[in-house]
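Below is one structure, written out as structure tokens, with a few remarks after it.
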Amino acid sequence: MLELFRMDMRRLWAAKYLWVMPLCAAGLLWGLYALLDLTSDPEMLRAMAGQGAEITAEDYAARQALADMTLLGYLHQAMFGGNMWLLGVGLGAGAFCVEDHTHGALKNFLPLLSRRWPYAAARAFALLALTAAMLTAAFAAVLMLAPVSMFDGLGGAPLDWLALYVSALLLGWAYALGCALLADLVRGEGWTMVLVLVFSLGVPVTLLSAALEWLHLPPLADYTLFATAYTCVEPLFEPAAALRVALTGLCWGAVYMAGSIAVLERRDAA
């Protein structure tokens, strides 16, 4: 398994995932901040009003609302407000994992293994490294904004920052394992990316939630990774919410891991 993990890490670096994806994560956070700063700037609003644009008091109030936000709050809202964190991790993990099938790598070394779990385990550790790299870059990017940002300080205590990091890491890693399972099932680059996008936008969870409500069944959709990331991850540490996030991430990660092993055992038998 160690050799398979080393191989995956070399592939992550050689294919540029291990540094391009973190740069993308940092760039998105910087770009979003620049956009918020520009569109809420009073001088920009006055210039737009002078050009005939309809500018209301709410537009001017948005600047103050942003100024009252902390860097921790901005990071939380940017990553989990629209679940952009899961989307970014999913696209990176899906593209990386499906290459084993489209490039024929599995056909070269999988027959040499008596079981499939070492390959799945090595891939899981590689996805953990990719998730951690993207997350660390995102946190570093936000902290680099501290001297120049319009936000009201860092916000939170070190425990709050650590709790947000761990929550994002567990949910992102579990979601990456889910995308790996999608890649094992679909084995086509185009369809894998389409499905990752659909799941990342919450379409299946929304449909499931509506169906359960219509059938008067318990809201089981609330325990999916997508719903948990959207509703349970908090910018300030709350033990109950953090425990639920951790359990949800670990449980779904184990389910996706077991699913990948089962698919590989069935479809890639030696």
(message) Tell me the accessible surface of THR70 in square angstrom (1.4 angstrom probe, heavy atoms of protein chains only), to the nearest ten.
(response) 40 Å²
(request) Can you tell me the dipole magnitude for the range 153-270 around its Cα centre, using point charges on the Cβ only (Lys, Arg +1; Asp, Glu -1), in Debye to the nearest 20? (result) 220 debye
(request) Kindly rank 10-16, 249-255, 86-92 from highest to lowest mean number of other beta carbons found within 10 Å of each residue. (result) 86-92, 249-255, 10-16
(message) What's the magnitude of the charge dipole for the range 1-41 around its Cα centre, counting Lys and Arg as +1 and Asp and Glu as -1 at the beta-carbon? Answer in Debye, nearest 20.
(response) 340 debye
(message) Test of understanding: in a Gaussian network model of the chain with alpha carbons linked when under 10 Å, which of THR224, THR131, THR39 would top the mean-square fluctuation ranking?
(response) THR39
(request) With all protein chains present, calculate the accessible area of MET150 using a 1.4 Å probe and round the result to the nearest 10 Å². (result) 30 Å²
(request) Could you state the accessible area per residue of the chain in Å², with a 1.4 Å probe and every protein chain left in place? (result) 51 Å²
(request) With everything on Cα atoms, drop me the angle between helix 17-40 and the longest principal axis of the chain, reported from 0 to 90° to the nearest 10. (result) 20 degrees
(request) State to the nearest 20 debye the size of the charge dipole of the chain about its Cα centre, where the only charges are +1 on K and R beta carbons and -1 on D and E beta carbons. (result) 1280 debye
(request) Rounded to the nearest 10 degrees, what's the angle between the helix 2-14 long axis and the longest principal axis of the chain, both from Cα atoms, 0 to 90? (result) 50 degrees
(message) Using square roots of five times the C-alpha gyration tensor eigenvalues, list the equivalent-ellipsoid semi-axes of the chain in whole Å, biggest first.
(response) 37, 21, 18
(request) Per DSSP H run of at least 4 residues, take -39500 (n - 2.57); add these up for the chain, divide by its residues and hand me the 222 nm value, nearest 500 deg cm²/dmol. (result) -25500 deg cm²/dmol
(request) Heavy atoms only, probe 1.4 angstrom, no DNA, RNA or ligands counted: give me MET193, MET79 ranked by accessible area, highest first. (result) MET193, MET79
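The values are calculated or read from the model by the stated rules, or taken from the named source; none is laboratory data. Source: prediction; values computed, not measured. Here Cβ is always computed from backbone atoms with ideal geometry, including for glycine, and neighbour counts include all displayed protein chains. Surface accessibility is based on the protein's heavy atoms, side chains included, excluding ligands, DNA and RNA. Shrake-Rupley method; radii C 1.70, N 1.55, O 1.52, S 1.80 Å.
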